[in-house]
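Quick notes on the structure that follows.
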Amino acid sequence: MTTRAVTPFFQWAARRQGRAAPPEVLCYPAPVPGNHAGEAVFLAVATALLTATGVVPVTAGLPSGWLRWPLGLVLLFLLPHVVMALISLVSGLIAGTRWHRGVVHDWSCLIVMTAYAAWGGTGTGWTWWICQAWLAFMAVNAVMALARLVAKPA
């Protein structure tokens with residue numbers, strides 16, 4: 001399966017890497033390519049950290065650690081899945097016949113994460129740092145996409 005990246009940063013990284021697949025990875029033609037491995041790991045970590053910026057303050061008010069930790073872990077796992085499921089329901093309508101549903105879903109998730117980071121980035125402490133790091137990553141992607149658009153031959 002060929003790899004693809006959603007974000008311009010990881011598209012650039014994949015082009016720059018340019019290595020052949022390791023011998024244990026089988027490459028074959030597929031109608032829909034898979035995800036870029038580095039991007040998948042990065043987005044999983046970023047999603048967990050952004051979710052933690054909402055879950056930790058909400059569960060911090062619980063008096064019992066025996067309730068706080070399990071509930072926090074369940075919410076940390078469950079909330080991203082619920083949000084992605086809701087986005088998946090809407091992405092088919094947004095995509096219509098013009099765009100590929102998977103691409104619309106991927107970008108919708110990134111936009112929701114960015115909107116949440118912008119909303120949560122007004123706080124202080126570690127939550128502010130995580131939200132600002134996500135916003136910086138998306139700013140780099142916006143600049144790279146704009147540069148590629150401007151440099152594209154007519």
* Structure fact -> The condition from (1) loosely packed, with under 15 Cβ neighbours inside 10 Å; (2) aromatic (Phe, Trp, Tyr); (3) closer than 16 Å to THR47 by Cβ that TRP134 misses is numbered (1)
* Neighbours by Cβ (under 7 Å, 6+ apart or cross-chain): first from segment 34-51, in contact (Cβ under 8 Å) with a residue 60 or more places away in the chain; second in a helix (DSSP H, G or I) and surrounded by fewer than 18 Cβ atoms within 10 Å (Cβ to Cβ) -> THR47/PRO80; LEU50/TYR116
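Here are ALA115, ALA147: which of them is free of Cβ contacts under 8 Å to residues at least 12 places away in the same chain, closer than 20 Å to GLU39 by Cα and assigned to a helix (DSSP H, G or I)?
Values: ALA147 fails: closer than 20 Å to GLU39 by Cα.
Answer to the selection: ALA115.
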* Of residues in segment 53-86 being within 22 Å of ILE111 (Cβ to Cβ) and of a type in the set (Val, Ile, Thr), the one nearest to the chain's Cα centre (by Cα) -> VAL83
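Regarding segment 62-81, can at least one residue be identified that is surrounded by 15 or more Cβ atoms within 10 Å (Cβ to Cβ), touching a helix residue (DSSP H, G or I) at 6+ places or on another chain (Cβ under 6 Å) and not in a helix (DSSP H, G or I)?
Our first condition is that a residue be surrounded by 15 or more Cβ atoms within 10 Å (Cβ to Cβ); within segment 62-81, this holds for 68, 71-72, 75-76, 79-80.
After this cut, where a residue has to be touching a helix residue (DSSP H, G or I) at 6+ places or on another chain (Cβ under 6 Å) as well, the list is 68, 71-72, 75-76, 79-80.
Subsequent filtering for residues that are not in a helix (DSSP H, G or I) retains none.
No, segment 62-81 has no match at all.
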* Take the residues in segment 102-144 that are modelled with pLDDT under 90 and under 15 Å from GLN11 (Cα atoms), then tell me which one is farthest from the chain's Cα centre (by Cα). => VAL103
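The values are calculated or read from the model by the stated rules, or taken from the named source; none is laboratory data. Here the structure is a predicted model, which means the values were calculated and not measured. Glycine also receives a Cβ, built like all others from the backbone with ideal geometry; neighbour counts cover every protein chain displayed.
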